[in-house]
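Okay, structure first, notes after.
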């Protein structure tokens, strides 16, 4: 398999050109051949007509031979033909049988026939004509222009027929007195006239194919030139230099769509790299703080001998910090799986109401959560949906002053999940960024429950990734100093 697209195009072009030029050359050759054969047949018809006209100068009686008993008879009357009275009648019992063969020509008539039966002047296309004439009984009357003996051909009801005999073209007609006239000519003159035409066609065809391949090579080079520009632009993109784009006006119209797709891909790639860089920096920052706490407490405990309660206090801080780091790492892994489209997770029917009730049971202060849960079902991953509800409820309990309200209901083909808290709300400046990774609006939303999970700035980001994974949407509406409402919309089981 040839992997070069340009070479394949050249080969296909060569095949198409060869087929086209060859077909055209064959058409020209065949057309010229038919024209020459038609001209040759016309010459043969003229020659046959001239011979026929010469034969018609003689009467049927002269061509049929002398009467029986004539002095011009050679060898006496023919066998089976009566001599004397009743000479014109057939012998008894011969009615219905084949006619008797005609009598030989008189010598004087034969001499006249031999002298006057000639071909017309030589033509340009058939200068080497020959002819032969047979009597009705098959006796050769005259043959000229060819040395070998010719057998008398059959005629189709007297109509003129043309045929190829070896390297010759021949015509046969029925002449006067039931004679058979054959006129022929070698095909060599036609071949000699066709040879230069075929040679010129071959040379012209080779030139056309060569010029076509050169033109195809130039066209393919022009076609692939924008692709080389695209490849060069793509090769210049690096992790630190993703701003390069392909100019849509510099490529042909047929490649504009490809350039648009590539530029959009480069845009997404640049955004992904920026997010990755931000994510890495934020993750490093978030991990640096608890690691510093762990190291500080360990160094403090080991700096000098201390009382047991001081060791207990340091170890408690280390345990709490380790738990926070564990939670942070788990959330980072969740986001990493979200970026990889959650490989390994399978969707199935999930009763969202039962799942929400089970999640609330895990919170020690779930009694402060107002429930308005109605039976609804969605198609999704139970573990991810459980984490979604847990993060939203934990976020509400962490910032809400008077508890949280959790509700589920159906709305046509969608399932609506709402979590509302009566906390301080979110400022309009921070609201567009609350789903960004590591973003925390702690200045506006003071945590009222420090024991609740959260505080990493990843909970709402994880919620958004889970909802998007399930083909839904999540929005937030907040009134500063009054309440915050998170609304999740997922396709219902019937819709999914």
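Quick notes
- Here the extension length gained between residue 295 and residue 241 equals 15.7 nm, from 0.36 nm per residue of separation less the Cα-Cα distance.
- Exposure proxy shown here: for 476, 206, the number of other Cβ atoms within 10 Å sets the order, fewest to most, as 206, 476.
- Restricted to Cα atoms, segment 229-326 shows a radius of gyration and a Dmax of 25.5, 81 angstrom.
- Gain upon complete extension [residue 147, residue 219; 0.36 nm per residue less C-alpha separation]: 19.7 nm
- Scaled to the globular estimate 2.2 N^0.38 Å, the Cα spread of segment 2-54, given as radius of gyration, is 2.26.
- Values of log10 I(q)/I(0) for segment 348-491 across q = 0.22 Å⁻¹ run -1.52, by the Debye formula with one identical scatterer at each alpha carbon and no solvent.
- Highest average packing first - 322-333, 383-394, Cβ atoms within 10 Å: 383-394, 322-333
- Ranking of 294, 187 by count of other Cβ atoms within 10 Å, fewest first: 294, 187
- With both labels modelled 7 Å from their Cα along Cα-to-Cβ, the residue 264 to residue 139 distance reads 9.9 nm.
- Two-site label geometry, residue 475 and residue 320: point separation in nm, points 7 Å out along Cα→Cβ: 3.9
- Proxy reagent accessibility, fewest Cβ within 10 Å first, across 12, 134: 12, 134
- Cα-projected label distance for residue 489 with residue 330, points at 7 Å along beta-carbon direction, nm: 3.2
Only the coordinates and a few stated rules stand behind these numbers; no lab work does. Since we're looking at a predicted model, the values are computed, not measured. Positions of Cβ are backbone-derived with ideal geometry, glycine not excepted, and every protein chain shown enters the neighbour counts.
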